[in-house]
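Okay, so here's the structure we're looking at.
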Amino acid sequence: MRYDYRYCPNCATELRHVESEEDGGAKMRLRCPACAFAHWNNPTPVLAAVIECTDRDNRVFLARNAAWAGRMFALVTGFMEAGETPEEGIRREVKEETALEVSALSLIGVWDFQRMNQLIVAYHVQAAGEIRLSPELAEYRLFRPEEVRCWRAGTGYALAQWLRSRGHEPQFIELPVRS
Ligand SMILES: [Zn+2]
């Protein structure tokens, strides 16, 4: 479910699309006609984990989200929260969603995911322990790196880059285009 802003969160006046001069020139945005509020609509940071299970033959943990229709397995992701560093956030997400204990993590990179107006911040996470899925995840599978198939979107590119860093040329699956 996605929501659009309709009212100013500062003064509750109805927002309007108003063109205004900014540093980069005139820009149309949702703005409040009564106070200075502008809805910038900045991308939301989403943390993603390529989890390598160090106690399971270094297999890659991918999970299927309970809200998805198909049998697509993907990275563990979650929104970064206020008051935490990205590293703290990805440790929290991995713990919450899988119960795995993280022993090491390193940044893979940062990707745009414009369809969802998100910024993907992807980590390689080494983890071990008993797996207990949160209700958000329907099932998981453990893949050898050479079995993994990537997808052409933010987290899929992160997975591909990690595979390349391990000497595996990533293979992509083509998903139906979504607008
Ligand atoms: Zn206002």
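The values are calculated or read from the model by the stated rules, or taken from the named source; none is laboratory data. Being a predicted model, the structure only gives us computed values, none of them experimental. Virtual Cβ from ideal backbone geometry, glycine too; neighbours counted across all protein chains shown. Note: accessible area is taken over every heavy atom of the protein model, side chains too, but ligands, DNA and RNA are not part of it. Shrake-Rupley method; radii C 1.70, N 1.55, O 1.52, S 1.80 Å.
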What are the residues in the range 1-22 that are more than 22 Å from Asn117 (Cα to Cα) and either away from the ligand (no atom under 16 Å from the Cβ) or in contact with a Leu (Cβ under 6 Å, 6 or more places away or on another chain) (or both), if any?
Glu21
Can you find a residue that is on the phi > 0 side of the Ramachandran plot, more than 16 Å from the ligand (Cβ to nearest atom) and over 18 Å from the mean Cα position of the chain (by Cα) anywhere in the range 91-102?
yes
Could you check how many residues of the range 140-171 are over 18 Å from the mean Cα position of the chain (by Cα), within 17 Å of Arg56 (Cα to Cα) and assigned to a strand (DSSP E or B)?
3
Identify the residue in the range 117-154 that is over 16 Å from Ile51 (Cβ atoms) and touching a residue at least 40 places away in the same chain (Cβ under 8 Å) and, among all such residues, is surrounded by the fewest Cβ atoms within 10 Å (Cβ to Cβ).
Pro135
Just the residues that are aliphatic (A, V, I, L, M) and within 30 Å of the chain's Cα centre (by Cα), please, taken from the range 1-49.
Met1, Leu15, Met28, Leu30, Ala38, Val46, Leu47, Ala48, Ala49
Keeping to the range 57-74, report how many residues are open to solvent by less than 10 Å² (accessible area, probe 1.4 Å) and not aromatic (Phe, Trp, Tyr).
4
